[in-house]
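Just so it is clear, none of the values below were taken in a lab; they were calculated from the coordinates. No experiment lies behind these values; they were computed from the predicted model shown. Here Cβ is always computed from backbone atoms with ideal geometry, including for glycine, and neighbour counts include all displayed protein chains.
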Amino acid sequence: MKQKLHYAILEDYIKYNSNINLEDYEETCSVSDKKALEEIREFYNNNLPVDLTAWVRVNSPEDCMLYKNRFSEQVCFVRDILAKLLDIEDNDVTVITTHNSKSITLPVYRLYSKKYNLEIILSDNFYLWSISVNSAEPIDVDFIGLFNEKSSYFYYGFPKDKIYESYSKNKNQFSFHVYSKYNLYSVFYILRHYLINKK
C-alpha cells in the first residue's frame, strides 16, 4: 500500500534521495502518513546538510509541544530575516547538524553568502544564541558591545571545527553568544552595513 506524502515534501525528498522509489508514495495535498515522515526524517538526519525548509517540513514539533511556536519563530527569524539581511538565498540556508532543547530537535544553521564569501553557523536553545562567523576577509567593525565574546557557554550542536576564537583575537573567524534575538539582528544589520560599504 502506498504511503501518502505531501507533494512539497515529496519534491524535497526526490532532490536529496536519488534512490527513491516513487511507486512507494502517493502524492497528496493533505497530511502525510506518519511512517513516511519518520523515514524521510531519518534519511535527512543521516545525510546532512539539508536545506532548512526541507528539513523543517519533516521535523516540525508535535502540536502538543510547549515550545512548538518558539521553534517556528526561530526558523522564520533565521531564514526570512537574518539570511535576507545578507542577501542569502533560501537554498543557502541549511541544517548541518542538530541539538535538543525542551524535548525538541533543533537545527544548527549554516548561512552562506556567495556575495560576501561569508559563512555563519548559529543555533538557539531558546535561551542563548551561539554564533560563529567565517569570513574570507577580515571584518573590522565596531559591534558596539552587542555580544559576549567566546566564553564558557556551550556551542549547542556545533561541529568542533566551527568553534573559533574571540573576535578580538581573530577578525576572520570568531565565535560569540547573544541572549537576545534583537541583539543578534543588530549584529547582522551592522555586518550588512559594513559589507555593503566595503564593497
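Can you give the angle from 0 to 90° between the axis of helix 181-198 and the longest principal axis of the chain, with both taken from C-alpha atoms, to the nearest 10?
Tilt of helix 181-198: around 70 degrees.
At a Förster radius of 25 Å, what calculated FRET efficiency corresponds to the Cβ-Cβ distance of residue 180 and residue 8, to the nearest 0.05? Spell out each step's value before the answer.
On the way: r = 33 Å, r/R0 = 1.31.
With a Förster radius of 25 Å, E is 0.15.
As a check on your grasp of the helix formula, calculate [θ] at 222 nm for the chain: sum -39500 (n - 2.57) over DSSP H runs of n ≥ 4, divide by the residue count, round to the nearest 500. Intermediate values should be presented prior to the final figure.
Details: 5 runs with 57 residues, N = 199.
Mean residue ellipticity at 222 nm (helix-derived): -9000 deg cm²/dmol.
Can you tell me the order of 97-103, 129-135 when each peptide is scored by its average per-residue count of other Cβ atoms within 10 angstrom, highest first? Mind showing how you got there, number by number?
Numbers: 97-103: 15.3, 129-135: 20.9.
Descending mean neighbour count gives 129-135, 97-103.
Please state the charge dipole magnitude for the chain, taken about the Cα centre, from unit charges on C-beta atoms (+1 on K and R, -1 on D and E), reported in debye and rounded to the nearest 20. Don't skip to the answer; put the middle values down first.
Details: 24 positive and 27 negative charges, 131 e Å.
Charge dipole of the chain: 620 debye, to the nearest 20.
Over the Cα atoms of region 1-155, what radius of gyration and what Dmax do you get, in Å?
Here Rg and the maximum Cα pair distance are 17.4, 60 Å.
Given 5 Å bins starting at zero, what is the percent of C-alpha pairs of region 9-96 in each, up to the one with the largest pair distance?
3, 12, 22, 22, 20, 13, 7, 2, 0
With unit charges on the beta carbons (Lys and Arg positive, Asp and Glu negative) and the dipole taken about the Cα centre of region 68-198, which residue among 144, 98, 134 sits farthest to the positive side?
98
Relative to the present Cα-Cα distance, how much length would full extension add between residue 114 and residue 43 at 0.36 nm per residue of separation?
On the way: separation 71, 0.36 × 71 = 25.56 nm, distance 2.76 nm.
Residue separation times 0.36 nm, minus the Cα-Cα distance, leaves 22.8 nm.
Could you order peptides 71-83, 106-118, 9-21 by the average number of other Cβ atoms within 10 Å of their residues, highest first? All intermediate terms of the calculation are to be shown ahead of the outcome.
Values: 71-83: 17.8, 106-118: 19.8, 9-21: 13.8.
Packing proxy ranking, top to bottom: 106-118, 71-83, 9-21.
For the chain, what does the relative contact order come out to in percent, with C-alpha contacts under 8 Å and a separation of six or more?
Numbers: 309 pairs, mean separation 28.2, N = 199.
It rounds to 14 percent for the chain.
So what are the three principal axis dimensions of region 68-198 from its Cα atoms, in whole Å, longest to shortest?
The principal-axis extents, from largest down, are 42, 32, 25 Å.
Rg (Å, one decimal) plus Dmax (Å, integer) for the alpha carbons of region 3-42?
Just the Cα atoms of region 3-42 yield Rg and Dmax of 9.0, 24 Å.
Students often get this wrong: which residues of region 46-68 have the backbone nitrogen under 11 Å from the point 7 angstrom along Cα-to-C-beta of residue 126?
Counting backbone N atoms under 11 Å from the label point, the list is 65-68.
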